[in-house]
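Note sheet for the following structure.
The values are calculated or read from the model by the stated rules, or taken from the named source; none is laboratory data. The shown structure was predicted, so the numbers you read here are calculated from the model rather than taken from an experiment. Ideal geometry is used to build each Cβ from the backbone, glycine not excepted, and the neighbour counts take in all protein chains shown. Quick note on the areas: whole protein, heavy atoms, side chains included, nothing else; ligands and nucleic acids left out. Shrake-Rupley method; radii C 1.70, N 1.55, O 1.52, S 1.80 Å.
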Amino acid sequence: MMSGTNNLKSAAEMMMCCACCGIAEGDDIKLKTCTACKSARYCSVKCQKDHRPKHKGACKKRAAELRDELLFKQPESSHFGDCPICCLPLSFEGKYSTMMACCSKMICDGCVYANQMRDVEGNLLQYKCPFCRHPPPKSQEESDMQIMKRAQANDPVAISLIALKRNDEGNYEGAVEYYTKAAELGDIASHYLLSTMYQGGLCGEKNKKMEVYHLEKAAIGGHPLARHNL
C-alpha cells in the first residue's frame with residue numbers, strides 16, 4: 001500500500017519538473033505537457049526534442065493506452081443522449097423514442113405517452129410537442145419545412161435527417177456533405193454513417209483512413225455498432 005502511494009507521489013513530483021533538464025516549474029518557468037502521453041512535461045521545445053529518443057517508446061505505449069481508454073470506456077449514456085424531459089438515457093436502438101420535427105428533440109416514448117395523457121386530461125383540442133409545445137405538423141411537407149428550418153439553425157439532428165433523405169434518393173454526394181456537417185456539429189450517428197459510406201466507396205473511392213477516423217469518433221460517443229466494427 002505504501003509502495004503504491006510512494007509511486008503516485010513520485011509521479012506527481014516528476015510532473016512538476018522538466019523531464020529533460022529537471023528544472024522545476026515556477027512563476028517564471030511554465031512547463032508544457034506532452035500532448036501524446038500526458039505523462040511528461042518540458043520547459044522548452046529544445047528540452048522536448050533532446051528528450052525524445054529516451055521518451056519515444058514510453059510515450060507511444062502510454063498514448064495507445066489513453067486512446068483505448070477513450071475509445072472503449074463505458075459511456076454514461078447512449079449515443080442518442082438523454083431524453084430532455086425525464087433525463088433518462090435513450091435506447092441504443094432508437095426504437096423507443098420519437099424525433100420531434102418542430103425542435104429536432106428525441107423524446108422517449110414514455111414521456112410522449114405521458115404528455116398525450118396530460119393533454120387529454122387537460123381537454124386540449126390539439127396535441128403539442130412535449131418539449132417545445134409546438135403543434136405537430138399537419139403534413140409531410142410541413143414536417144420537411146420544420147426540419148429544414150432547424151437545419152438552417154445548425155441543428156445536427158435535423159441536418160442528419162436531410163442527409164438520410166439525400167442518401168435514400170441516391171444523392172450520395174449530398175448525403176456526405178450533410179452528414180459531414182452534422183458530424184462536425186457533434187452528431188454521433190452521422191460519424192458512424194460516414195464510416196459506412198467511406199467503407200462502401202459511396203464517397204467516391206473507398207477510404208480506410210476516413211472510415212476508421214469516423215468509426216473512432218462514433219465509438220468514443222458510445223455508438224454500439226462502431227465499437228463492434230472496431
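Counting only helices (runs of 4 or more DSSP H) that sit wholly inside segment 130-230, those with at least 2 residues that are touching a residue at least 24 places away in the same chain (Cβ under 8 Å) and within 18 Å of GLU93 (Cα to Cα) are 156-168, 188-200, 208-220, 224-229. Applying the set (1) over 22 Å from ASP82 (Cβ atoms); (2) in contact with a His (Cβ under 8 Å, 6 or more places away or on another chain) to LYS181 leaves exactly one unmet item: (2). Within segment 184-210, being open to solvent by 40 Å² or more (accessible area, probe 1.4 Å), over 17 Å from GLY81 (Cα atoms) and among the small types (Gly, Ala, Ser) holds for GLY200, GLY204. May I ask you to verify whether GLN152 is closer than 29 Å to LEU194 by Cα, among the polar types (S, T, N, Q) and in contact with a Cys (Cβ under 7 Å, 6 or more places away or on another chain)? No.
Each row is one residue, and each column tells you yes or no for (1) among the polar types (S, T, N, Q); (2) assigned to a helix (DSSP H, G or I); (3) over 30 Å from THR35 (Cα atoms); (4) open to solvent by less than 50 Å² (accessible area, probe 1.4 Å).
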residue: GLU65; (1), (2), (3), (4): no, yes, no, no
residue: ASP68; (1), (2), (3), (4): no, yes, no, no
residue: LEU71; (1), (2), (3), (4): no, yes, no, yes
residue: PRO75; (1), (2), (3), (4): no, no, no, yes
residue: ILE85; (1), (2), (3), (4): no, no, yes, no
residue: GLU93; (1), (2), (3), (4): no, no, yes, no
residue: THR98; (1), (2), (3), (4): yes, no, yes, no
residue: CYS103; (1), (2), (3), (4): no, no, yes, yes
residue: ILE107; (1), (2), (3), (4): no, no, yes, yes
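Quick check on GLY4: is it more than 30 Å from LEU193 (Cα to Cα) and either part of a strand (DSSP E or B) or at pLDDT below 90 (or both)? Spelling it out, GLY4 is indeed more than 30 Å from LEU193 (Cα to Cα) and either part of a strand (DSSP E or B) or at pLDDT below 90 (or both).
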